[in-house]
Every structure is written in structure tokens, then in C-alpha cells.
Amino acid sequence: MIKFFRRIGERFYRSRAMSVLASKLVRFSQKDSARELADTSQPPPLKLSKMVRLIGRAIPFMMPMMIHMVMFVVAGVLLTLAYTIAGLIFSDLWDNKMMVNDKLQPFQTFVLLADNTYLQPEFLTEEELQEVEDKGFGGTDLTEAQRKYVRNGLLIYSFIGVLCGLVLTGMYTYYPAWVWQNVNHYLRVAMVEKLEYLSLSFHQSHRSGDAIYRIYQDSSMIVSVLTECVIGPLTRIFNLIIVMGFLIAFDPILGLAILFTAVPMIVVTAYATPTIRRLSVKNRVANSEFTSRLQETFTLLKVIKANQMENMTLDRFDKDSRRALDAALYIRFAIVGLGLICAMVGGLVVIGFEYVLARWTVLERSSNVPSFMVWVVGFAVWNFALFNQAKDRVEGLGREGRDLVGLWCRLQDLFIGLERAFYFLDLKPLVEEPEEPVDFPSEVDSVSWNNVHFGYEDNAPVLRGVSLEATKGNITAIVGSTGSGKSTLMSLLLRLYDPQQGQILVNSQDVRTFSLESIRENTALAMQKNILFTGKVKENIAYALDTKSDEELKQAAEIAGASEFIEQLENGYETQLGERGSKLSAGQRQRLTIARAVIRDTPILILDEPTASLDAQTEHEVLSRLADWGKDKVVFLITHRLSTIRNADQIAFLKNGQISEIGNHDELMAQTNGDYRQFVEAETVGSAATLAE
């Protein structure tokens, strides 16, 4: 059933009219970009135009659910009108007819299925009046039997109303909640999709906890904007119109006086609004930092334990948690304080009005109720029922006024949260797709870097004019000291970054002319960080691949040297791994990572410290299989281990962001004062010293 209703909404959204409307809304709302809103020192300006644009930006995510939202609003309006009219009729019947003995209005006799003997005399013709008197029911009062009949009718209608109310309340609670959560889902997916395509330079300069908080918490503000900024105000304004309409119908003086008393609330709210905005930013930034601290704590738990940093980590966590708690309390305190001031004003207004209404009732002042309403309720003069109705309406207006002030305060927080969420959607990736991408070659003969310059920061170059060519069937090892730019070269090939100068070529074609998807589809990567996922062994090997057979899985595991230990597991390839492969040793996790790269069978293979966790014998076996398997591929090897390097067909030594030497192991060792030879000798001496110890 849920899927059926979702399909209805999505088909409605895909219609041409809705597509045109959504595109126009996006163009209108993106005239100014969303701000990061991370500065807690100043209250961010939030003009009405900005708020309207933020609502406009939220509407495309609402479009798939728009038909359901319209149905929800229409149902709410109809139910409000029905219950308001029913309340008026019930009040008059109970207070004036049951309690005071007055006879009924024409519509009331129709509702209760009563005859003419229940009608007030002024609504009867002379013949009907004579007939009623002949039956012994003359006068303006109900008999005891008639009062019991009215009472029983009211009880029956009350019982029916309660049953209907329970059913409608349940539906009216679940249905909109389902609609709002679907809207939130569409925004979360859009945020994650955008973050996936942002370049790594963004992720390296931003804490992941901040992104988690924005996706999980700030994005949910779109639901609150829907309910409290679109549906809420419309509902409250509709209620205010109904209440003001009734009060003006009772007496125009009531409406004018209430409008005048709203001025103090507006002035106080306008004065407090900048403070609410500043506290909102502080609250969200503090909770974002707290989420980052939480994420970092669990990620680095092994390091924390190894270095006995539990107490220090707990103190930092406690400090961030208290800061987040204080920030949340401060903004709530400000909203509650403003609400109390408005409540005091509203309370004084209610007391004053109740005094005036009571005097009008005692004096039986004539009401201003239209004549057609007298057919429904007997409010021609100020009586007990009219006093109760007017009193309830005035109290309702006071509540609506306080609610509107609270709503305005919440909207400041909601719009700030929503803008923080939209900030991700407005970020422009530094690595962009070509407008007309070229097809990636079916066979890769060569990969080359041509005078490539790159730096993560403007004043800190990492690569300075690197030129290198690797060909099919050969293993090219990239060697150099830590921080020399080895992994950066591979990141540029994958277009995780783009060079600031120079070109990376595949078969003499600039990689920037290929789509990002095609580059990464044709390049496999095995890293030193053995990232595995909760799930089965075979699911980790065939990660993101749905078409690989069991035979292909086993073949990839064999090449990576993983098949032997996998078959010894309790359920073999069906074995469930713990979080991040915690059930496996570092060497086993590394071989699964290599198998994951092998099964993709791409023309380009990048091995970044692939055997760092393997013993010498296992490393030799794995590299030997990889060399045989990769004879028709371009293979790159990034490592410090000499046993891995010496068998490479080509070794490129990086120094100071440039390739200072290139050749095979024997050629480079023949250079007496060469950089590679000094590197090997230093590594050899270090290894010997370690063994001696």
C-alpha cells in the first residue's frame, strides 16, 4: 500500500507540468547560494526574501509528495470547518436548550430528527403553531421528555464523534508523518550524492562529523519547514480567520480590540529575533563539533587504548558534550522566555475580554450574529452559550498568538538548519565532468604524466613538473620518501584531483576528456588501508559488482592468495565478517582488498602498499601471481618494501616533487651516488639494525 501511494506521488512529480514548475523554482531559489553558517559571533541576517528562497529550494524535494500534501491540507480544512460548526451547534444545544430549556432552531430539529413541537414559535407558521398548541407543546420551553430526547441525541452524536475522531486522528497522524519523512529522505539522498562527487580537497578540509550532523540533523529541518513554515502557518492563519470571523460576527468591537493588543507581542518578538538566530547557529555548530568528537573517538579507539588516553579523551568528550548541552539549553531558554512574556500579555488580554463579555451577557446585549445563523444557533443576544463561545474564541486567539510567536522563533532555527543543509548542495566540485565526454579506450596501452604540477595548498607544491610513462604489460613502481607525492600521482590519475598544470594521458588522450565514471570503472585500486565492510566474505570481494560468478570470486581470491584462509573459515565465502573485517588478521584483510581489485579486471591496476601486512613468503607468492595476471594491464606499485620494488619492470624515484631517476632495479643501483641507491642502502641498513636488535 505504501509503495502504491509513493508511486502515485512520483508519477505526479514526473509529469511535464510539475517538471517545469520544479525547474523554475530551482532557478528562482538559487539566485543566492546557501551559507555555511559556522560563525557563532554574529547573528546571521535572515531576510524575508532569503526565507522565501529557502522554501523555494525545499519545494522540489516536496514535489514527489505534493499530491499527498494537497490531499492532507484539503482534508484538514474540511475537518476544521466540520468540527467548528459541530461545536457551535453542540454548545447551543447543551447550554441553551438542555440547560435553559429553550426550544430548538430549525437546523437543530433536522439534525436531531425532531418534530415541529421542538421548534421555537417564531419559526412556525400560524397553522403549525396552532397544531403544536393543540398537542400540548405550546410556549418557548421544552418539556422534560423533550429535554431527555435532546440529551440522548447529543450523547449519541458525541459517541459517534469520538469514534470518528479517534479514527481520523490516527490517520491524520500517520499519513502526514509518512509524507514528511519521504521528503526528508529525498533531501538526504541528494546531500550524500553531492558529497560523493565533491573532490577530496573538500573532505580533507572538513570534519566528517560535521557532514554527518548536517545530513542527519540539519536535513530534517525540511520536514519542520514543511509542517511549521508551510502547513503550520496556513493552518493557523485559517484558524485565525475563522475565529476572527466569528468574533466580528458576534461583535465588531471584539475583532478591532484584539488586533490592537497584538502590537506588543510583535514589538517584543522583533527585538528578540537576532538573539534567537545567533543562539541557533551556536547550538548547531556545538552539536556538529560534538558529533565530530564522537565519530573521532570511536574511529581512534585502538589508538586511544594503546596510548592510555582514555581520561584525556573522556575529558574532551565531556567538554564538547557540555558545550552542546549548554547551547541547546540557551536557545530553548530564550524561546521559552519570549513565550512567557507573550503569554503574560495574552493572559491580561483574556482577563479583560472575559470581564467585558460577562457584562454583555448580564445586560443581554444584542449580538451582531447574521440572521441566517439564527436558524442554526440561538445567538441573537448575549446569552450563556454565546459567552462561552466568545470566551473560548478569545482564549483560542491568545493561544494562537503565543503559538505564532513560538513558531516564528522555531522558524529562525529551522531556516538556519535548512540553509546549512543546502550549503552542501551549492558546493561546486573542483573536479568537473566534461560537457561531452570521450569514450574510454577499450584497451589501455599507456598511461603518462606530462609536466604535471600540483599542490593541495597554493603555497605548498607537492609535484613540480612530473613526467612519467607506464606501458601495458609492465609493472611501474613509484618510490620515494614519505610525502614525496607517490599517492598523489595516482589520485590525479583517478581524477580525485586535477593538476594545476600539465596533463595526465591515457593512450595520449587527456583524462579530463573522459567521464569520471569511465575513469574509475577502468581503474582498480588496492590500498594499504584494508577497508572492509560488515557482510559476507564474497560480498566484500565483489563490492559494488553484481554480475560476478562464484567461479570469478574464487579465481580473484586465488590470485590474491586469500582462497586458502577463506576456505578454512566456518562458512567459507559465506562467512559473515565483523565491523570493518574485525574477525580477520591484518594480512587476511589486505589479501581480500587485493582480491577486490583483481575481480574488477580493469586495464589499469594501482597497488598502494599492497603487501605491507604480508610476510615475505606470502608477499612473493601474491606478487608473482599478480605479475602473471597483469600481463595485459598497466600496473602501478607504490611501496617502500625492497622485496616488492626490485621485481618491478620500471622504477620511478620521486624526490622534491620530481622524478629524479627512472629505470629498473639493476640500472638504478649501478648509479654510485644515485637517489634510489641511497634509498635502498638506507632501507637495508635500517632492516639489518632491526634484525640485530
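The values are calculated or read from the model by the stated rules, or taken from the named source; none is laboratory data. Just so we're clear, the structure is a prediction, and the values are computed from it rather than from any experiment. Glycine also receives a Cβ, built like all others from the backbone with ideal geometry; neighbour counts cover every protein chain displayed. Note: areas computed on protein heavy atoms with side chains; ligands, DNA, RNA excluded. Shrake-Rupley method; radii C 1.70, N 1.55, O 1.52, S 1.80 Å.
How far is the Cα center of region 386-422 from the Cα center of region 608-648, in Å? One Cα centre to the other: 67 Å. Each of Glu131 and Asp601 was given a label point 7 Å from its Cα along the Cα-to-Cβ line. The distance between the two points is 9.4 nm.
Other residues with beta-carbon under 15 Å from the beta-carbon of Pro274 carry, at +1 per Lys or Arg and -1 per Asp or Glu, a net charge of +3.
Placing +1 on the Cβ of every Lys and Arg and -1 on the Cβ of every Asp and Glu, with no other charges, gives region 446-692 a dipole of roughly 320 debye about its Cα centre.
Atom-type composition of the exposed protein surface of region 446-692 places 44 percent of the accessible area on carbon and sulfur (1.4 angstrom probe). Cα convex hull, region 396-540: 239 Å³ per residue, rounded to a whole number. With contacts taken as Cα pairs under 8 Å at a separation of at least 6 residues, region 446-692 carries a relative contact order of 27 percent. Measuring nothing but how far apart in sequence close Cα pairs (under 8 Å, 6+ apart) lie, relative to its length, region 555-624 scores a relative contact order of 41 percent.
Summarising the amide proton neighbourhood of Leu577: residues at separation of 5 or more, or on other chains, whose placed amide H is nearer than 5 Å comprise Gly535, Lys536, Val537. Take the convex hull of the alpha carbons in region 446-692; its mean projected area over all directions comes to 14.5 nm². So what's the net charge close to Asp134: Lys and Arg +1, Asp and Glu -1, counting the other residues with Cβ under 13 Å from its Cβ? Value of the local net charge: -4.
How charged is the neighbourhood of Ile599? Take every other residue with its Cβ under 9 Å from the Cβ of Ile599, and add Lys/Arg as +1 and Asp/Glu as -1. Numbers along the way, then the final one.
Values: positive: Lys548, Arg596, Arg600; negative: Glu552, Asp601.
Around Ile599, the surrounding residues sum to +1.
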